[in-house]
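The values are calculated or read from the model by the stated rules, or taken from the named source; none is laboratory data. Everything numeric in this text was worked out from a predicted model, so none of it was measured. Reconstructed Cβ throughout: ideal geometry from the backbone, glycine too, with neighbour counts over all protein chains shown.
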Amino acid sequence: MSALVTYPLLVIIGLLILIVATTSKISGMKFMLMGVSIILVGGVLILDENSGLAGFEYLILFTGIIFGVIGFVKEN
């Protein structure tokens, strides 16, 4: 994926996750666990030689990192 597509997409995904985190009553620990599981899925996709996702797996990985950071910052 090109940088012109990736960076705005990461910002939009981050803002959507932030909106969901602030409006939901899900605890921070659950957000962190969801982030870790998304990171693991992204890591498996990165290591798979036959996946032809053209960089989308890195977007999945960074989405998991965003979930983990928001879960770490969230209070409950």
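Here are the numbers for this structure:
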quantity: Test: residue in segment 16-33 that is farther than 22 Å from Glu75 by Cβ, more than 10 Å from the chain's Cα centre (by Cα) and in a helix (DSSP H, G or I); calculated: no
quantity: Residues within segment 1-18 that are of a type in the set (A, V, I, L, M, F, W, C) and modelled with pLDDT under 70, tallied; calculated: 2
quantity: Selection count where residues are more than 17 Å from Leu9 (Cβ to Cβ), of a type outside the set (Val, Ile, Thr) and in a helix (DSSP H, G or I), scope segment 36-76; calculated: 7
quantity: Every pair of residues 6+ apart whose Cβ atoms lie under 7 Å, when the first sits in segment 49-76 and is among the basic types (Lys, Arg) while the second is modelled with pLDDT of 85 or more and surrounded by 18 or more Cβ atoms within 10 Å (Cβ to Cβ); calculated: Lys74/Phe31
